[in-house]
Amino acid sequence: MFKKDVLIKIAVYKFVLLRILKILLAYFLMVYGCIYHNEKEPSLDNLYKITDVSRFLSSDTTPLIGWPTRIKESDGDIFIIDAGSYHVVKLDMDGHLILSFGRRGRGPGEFESLTGFWIFDDSLMVYD
């Protein structure tokens, strides 16, 4: 009986010690993560400045982009995901349409939830 009591006490102490270590680790990570900022803040100086946004959002008669959710630049071209109409638009830096593809659906060239894209050299990978 004495040995069983000792084993139970050791298990309880081990459990309490592990719980205390977890709490201390969580506290340390929370405090250290909130006060330690050695990294520089990202600079916005290298971003493109678009002054006339309207040329990117509409053509002469119909809206070109309804709900832009992702915008990337590659080799002087601008790629935009339009989540409102489920298509991808490629424009030159002057806002002229080069390419537009996609629509809502489940077939080839159609998207259910257009959420992201990546540009690789001359290829475009779209995440649906």
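Quick notes on this structure:
- Breaking point among (1) touching a strand residue (DSSP E or B) at 6+ places or on another chain (Cβ under 6 Å); (2) touching a residue at least 12 places away in the same chain (Cβ under 8 Å), for Ser85: (1)
- The stretch 69-95, residues that are exposed (fewer than 15 other Cβ atoms within 10 Å of the Cβ) and in contact with a helix residue (DSSP H, G or I) (Cβ under 9 Å, 6 or more places away or on another chain): Asp94
- Residue in the stretch 23-46 that is at pLDDT below 80, surrounded by 10 or more Cβ atoms within 10 Å (Cβ to Cβ) and closer than 27 Å to Ser123 by Cβ present: no
The values are calculated or read from the model by the stated rules, or taken from the named source; none is laboratory data. As the structure is a computational prediction, the values presented were derived from the model and not from experiment. Cβ: placed from backbone, ideal geometry, glycine included. Neighbour counts: every protein chain shown.
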